[in-house]
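Only one structure is covered here, and it is reproduced in the block below.
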Amino acid sequence: MATIVLQYAGGALGTFLGGPVGGIIGRAAGAIAGNIIDQKLFGSGTKRVTGSRLNDLRVMASEEGGSIPCLWGRMRLAGQVIWATNFEEVVSTSTQKSSSKGGPKTRTTEFSYYANVAIGLCEGVVDRVGRVWADGQEIDITALTTRFYRGGDDQQPDSLITAKEGAGNAPAYRGLAYIVFERLPLQQFGNRLPQLSFEVISSAGGAGNLLRAVNIIPGSTEFGYDTEIVTRNVEPGVTASENAHVSASRSDWTVSLDDLTAGCSNLESASLVVTWFGTDLRCGACALKPGVEIRDKATSPDAWSVAGYTRQNAHLVSRVDGKPAFGGTPSDASVIRALTDLKARGLKPVFYPFIAMDMTGYPWRGRISSEAGNVAGQVQGFASQYRPMILHYATLCASAGGVDAFLIGSELVGLTRIQDGAGGFPFVSVLIELAAAVKAILPHAKVTYGADWSEYFGFHPADGSNDVHFNLDPLWASPHIDAVGIDNYMPLTDWRDSNAQTYDITSLQAGIAGGEGYDWYYETDAARDGQTRTPITDGACGKPWVFRYKDLKGWWSNPHYDRRVGIESGLATP
């Protein structure tokens, strides 16, 4: 068709310019041009398409004499290009047949470019690189080939730089923290080296490497422990992140654990705290359930679920100034993924079930106790809700491949001191039964109870009876309990500005087995305000360790005898 069109167009133009002869020549020239176009469009030849290609294969320059930052803590740095090669060009050709019969083929040639570059960051030694941004947008470099050098005085030359420059010609950049990108794809950056910046973290010899174990809180966070990013539907077509507020590509859990393990290289164990909610300090009236922040929340990829509870029948946490007073209970799926991740990082997971009191004043769980009446029945009413919580999590831990240790509770001092009419402690019996049940589900886990520091060593009723009860001894003696657990908040010193005392290591160490709770105590708040100290003594039996909550050695080394009206029993506790 182009032949016909251009043949007559050429003839008309030729006749106008040169008469009949010009018309003949014009028609011939138009026919030739039209034939070429027809061959390109409709002929059996091959159509060639060539993609864009860089004319200059060199990267950005880097000036000598640039300053080298010194870093303490965490900072976003741009760095300096300290080494680079020419961009690597990769040519790829593909051929596509025409969709019409007899049509031409299309051969496409594309050019891809890759950068090999080293970027100096700051004076070493630093811990690691966290987030990375390219042209202001966060990128995930875990899918790229990178090597990070912390800037030690003994670091060796990079393998890629050595391969390109030759052995003996590659600098090690000792004392400089830097990162090497090997074959960084440039297509998404317009075939150029992007402006890169890095979150660099340096503890510079802080206390982090002394830590061996941590508690992971808050314990009340619906998806905060999830390794996967969870989003919620805000309105049709609009979503918001539930658990990715620091990084666009990693969950808050992953970012936090990356930071933790990088800054605490000798960390061995991590306790995962998971919270349910109690509603009443009267154990017989207390409802105990997992909680959610709001009823109406659609999340993806997982909906919230804990122990068979959904958003519709879980406890709805109270609100303060229009906002939830707590986060919700971590979803079961997130707990499993968190435990799995801890083990994958080489940490020993400890599971720590926790009770938060969601009621007026938000009191301490240690204040849950009984009313007058059938105290054993009240305790069993509470246990009927508490037992399923603990056994659910023991089963959940088993499904995650087990844990190193498991707590059957903590700081329930008001419950463990409830005494029935026969002189027994019914909730202690509940804990003993739970320890056996948990051990059956998690036979390789260490099982214990996290007693309050004022609870572990015994109960001294403030009723003038001079009774002494080693009420937790049957629990500590259980074959299913592996350790005495203490939530330890014992005071080391009562230093105040008006004293001559100072915070020095010697005085603090002396307070571990001395001072308040060992040598003396304050009888009243007024005595504390005036620092009027009363020595700890035991006139009846000469065993002051019975009343010294700091005297772990004395408590552990001596047989325990309950006392009734100040008189020791003839039979030691187990």
Mind listing the long-range amide H neighbours of residue 271? Cut-off is under 5 Å, sequence gap 5 or more, other chains count too, H placed in the peptide plane at 1.01 Å from N. 214, 215, 216, 350
At 1.4 Å probe radius, can you tell me the per residue accessible area of region 91-194 in Å²? 52
Options (1) 41.4; (2) 28.7; (3) 45.2 for mean projected area of the Cα convex hull in nm²; the value derived from the coordinates is listed as (3)
Whenever you get a sec, compute what percent of the accessible area on the chain sits on carbon and sulfur atoms (1.4 Å probe). 54
Note on the chain, DSSP bridge orientation, antiparallel percent to nearest 5 equals 65
Accessible area of region 395-437 divided out per residue, in Å², using a probe of 1.4 angstrom: 28
Partner lysines whose C-alpha sits under 26 Å from that of residue 97, ignoring same-chain residues fewer than 8 away, are 40, 47, 105
Given the -39500 (n - 2.57) contribution per DSSP H run of 4+ residues, what per-residue ellipticity at 222 nm results for the chain, rounded to the nearest 500 deg cm²/dmol? -7500 deg cm²/dmol
Contact order relative to length of region 66-154, as percent, for alpha carbon pairs under 8 angstrom and 6 or more apart: 30
Between residue 292 and residues 5 or more places away or on another chain, the pairs with built amide H atoms under 5 Å apart involve 315, 316, 317, 329
Over the chain, what is the relative contact order in percent, taking alpha-carbon pairs closer than 8 angstrom and at least six residues apart? 8
Spatial separation of Cα centroids for region 221-247 and region 436-470, in angstrom: 40
How much accessible area per residue does region 253-307 have, in Å², with a 1.4 Å probe? 35
Set the bar at 23 Å for Cα to Cα. Now go through 297/323; 289/343; 343/439; 348/550; 289/323; 446/543 and name every pair that lies beyond it. 289/343; 348/550; 446/543
Region 229-381: relative contact order in percent, alpha carbon pairs under 8 Å with at least 6 residues between: 28
In vacuo Debye sum over C-alpha of region 317-447, base-10 log of normalised intensity I(q)/I(0) at q = 0.10, 0.16, 0.21 Å⁻¹, listed in q order, is -0.40, -0.92, -1.23
Mean Kyte-Doolittle of at least 0.0 plus a Cα span of 15 Å or more along the axis: flag which DSSP H helices in the chain meet both, please. 2-42, 332-344, 375-399, 426-441
Using each residue's phi in region 563-574, evaluate 6.51 cos²θ - 1.76 cosθ + 1.60 at θ = phi - 60° and report the 3J(HN,Hα) Karplus result to the nearest Hz, with x for Gly and Pro. 10, 10, 6, x, 9, 5, 5, x, 10, 6, 6, x
Rounded to the nearest 10 Å², the accessible area of residue 68 using a 1.4 Å probe with every protein chain kept is 100
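The values are calculated or read from the model by the stated rules, or taken from the named source; none is laboratory data. Worth saying up front: this structure is predicted, and the values here are computed from it rather than measured. We work out accessible area using only protein heavy atoms, side chains counted, and drop any ligands, DNA or RNA first. Shrake-Rupley method; radii C 1.70, N 1.55, O 1.52, S 1.80 Å.
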